[in-house]
1. Taking each pair of distinct Cα atoms in region 228-332 once, what is the resulting Kirkwood hydrodynamic radius in Å?
2. Count charges around ASN20 for me, please; just the other residues with Cβ under 11 Å from its Cβ, Lys/Arg as +1, Asp/Glu as -1.
3. Kindly report, to the nearest 10 Å², the accessible surface of CYS97 as traced by a 1.4 Å probe over protein heavy atoms only.
4. Give me the one-decimal nm value for the distance between modelled label points at ARG41 and ALA25, 7 Å along each residue's Cα-to-Cβ direction.
5. Given H placed 1.01 Å from N in the peptide plane, which residues other than close sequence neighbours of ASP145 have an amide H under 5 Å from its amide H?
6. Using alpha carbon centroids, what distance separates region 91-126 and region 198-242, in Å?
7. Leaving out ligands and nucleic acids, note down the accessible area per residue over the chain with a 1.4 angstrom probe, in whole Å².
8. Just to verify a number: FRET efficiency for ASN234 and LYS193, C-beta to C-beta distance, R0 = 30 Å, to 0.05?
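The values are calculated or read from the model by the stated rules, or taken from the named source; none is laboratory data. All values reported here derive from a predicted model rather than from experimental measurement. Cβ: placed from backbone, ideal geometry, glycine included. Neighbour counts: every protein chain shown. SASA here: full protein model, heavy atoms, side chains in, ligands and nucleic acids out. Shrake-Rupley method; radii C 1.70, N 1.55, O 1.52, S 1.80 Å.
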Amino acid sequence: MPQNSFKAGILGTGSFLPENRLTNADLEKMVDTSDEWIVSRTGIRERRIADASMTTSYMATEAAKKALIDANISAKDIDLIIIATVVPDMNFPSTACIVQANIGADNAAAFDIEVGCSGFIYGLSIAKQFIENGTYKNILVVAADTLSKITNWEDRNTCVLFGDGAGAAIVGPVENGYGILDTYIGADGKGGKHLYMPAGGSRMPASEDSVKNKLHTIHMEGQEVFKFAVKVMNTATIEILDKCGLKPDDIDIFIPHQANIRIIEAGMKRLKLTNEKVFINLDKYGNMSAASVAVALDEASKEGMVKKDNIILMVAFGAGLTWGSTVIKWNK
Ligand code: UT7
């Protein structure tokens with residue numbers, strides 16, 4: 001294939017969700033909350049929770065295996081593994097290296113990226129560069145998080161929001177005119193203080209106090225993140241449409257980060273999108289961090305919502321603060 005006669009596109013997808021369901025009724029027994037509050041403020045009805053022994057790498061491995069089957073390639077054909085996660089199995093080695101060993105991708109380089117909920121789009125953006133400059137042929141991008149392991153189950157402000165899951169994609173060359181048309185990624189570190197895990201790093205290594213004070217859990221100023229999310233949902237979608245020379249009318253399928261139905265509806269309103277064009281699964285899974293849009297893409301594809309030639313707009317935002325958007329012309 002001569003250089004530049006192809007684009008990077010998605011050759012296959014896969015996802016994994018733990019079987020355990022935690023419903024709003026279950027949460028009513030754990031903290032001072034109600035099904036009515038959770039549904040009306042977030043749109044979430046239940047979420048999946050990993051067993052005590054289930055790791056991020058396990059979920060990522062299962063999603064990756066399905067993506068390999070869907071792309072009809074062997075793990076030995078993978079040149080690079082990128083895992084987006086904020087809950088790695090350990091600080092090091094990377095979860096990507098653990099997954100590499102699990103699936104037997106002996107010819108792959110491997111690294112993690114830590115971009116919060118925007119991680120899958122950042123991963124696609126990196127993969128696109130390596131494919132289109134001819135360095136690599138097949139790249140596995142997985143977004144996987146077990147947020148339940150870093151959730152403070154006594155904090156009603158956060159514990160009702162999150163769930164566990166993993167979504168994977170094999171990125172490789174596709175016919176010109178198809179694939180990842182472009183990506184747009186950004187960050188604003190000044191907003192990092194609104195969504196973070198205080199302890200466990202060099203700033204506050206694990207100690208008796210850090211554990212006692214639950215500092216190894218998600219801390220979030222919900223309203224600040226909400227305002228940022230609504231704003232960035234708008235700017236990141238307009239920016240990527242401009243880059244691709246497209247208009248909101250051209251979007252066939254909109255896959256937004258599944259954090260809050262009110263944020264998604266604000267985005268739909270700005271883009272004037274009707275319900276049939278928008279993929280939503282947050283009612284079943286809650287906010288699965290970077291895995292949200294990855295699992296949604298896999299489900300939209302497997303359920304037949306996404307068809308060849310469709311223009312898909314994906315957008316995500318999260319800890320960092322970060323954001324990312326991409327337009328994909330579906331080639332499968
Ligand atoms: O993936 C990216 C990261 N996260 C996000 O995108 C989250 C963005 N933020 C949000 O989605 C929303 O801000 C939340 C869903 C987190 C909160 O919704 P809100 O409408 O912004 O509520 P609030 O924080 O302003 O709280 C309103 C009230 C408060 O009570 P008072 O002070 O008015 O008496 C809270 O204490 O709701 C209370 N509250 C709850 N009540 C019942 C907060 N959490 C709960 C709860 N159940 N689980």
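1. 13.6 Å
2. -2
3. Near enough 50 Å² of accessible area.
4. Calculated label separation equals 2.2 nm.
5. GLY165, ALA291
6. Result: 21 Å between the Cα centres.
7. Value returned for the chain: 43 Å² of accessible area per residue.
8. 0.85
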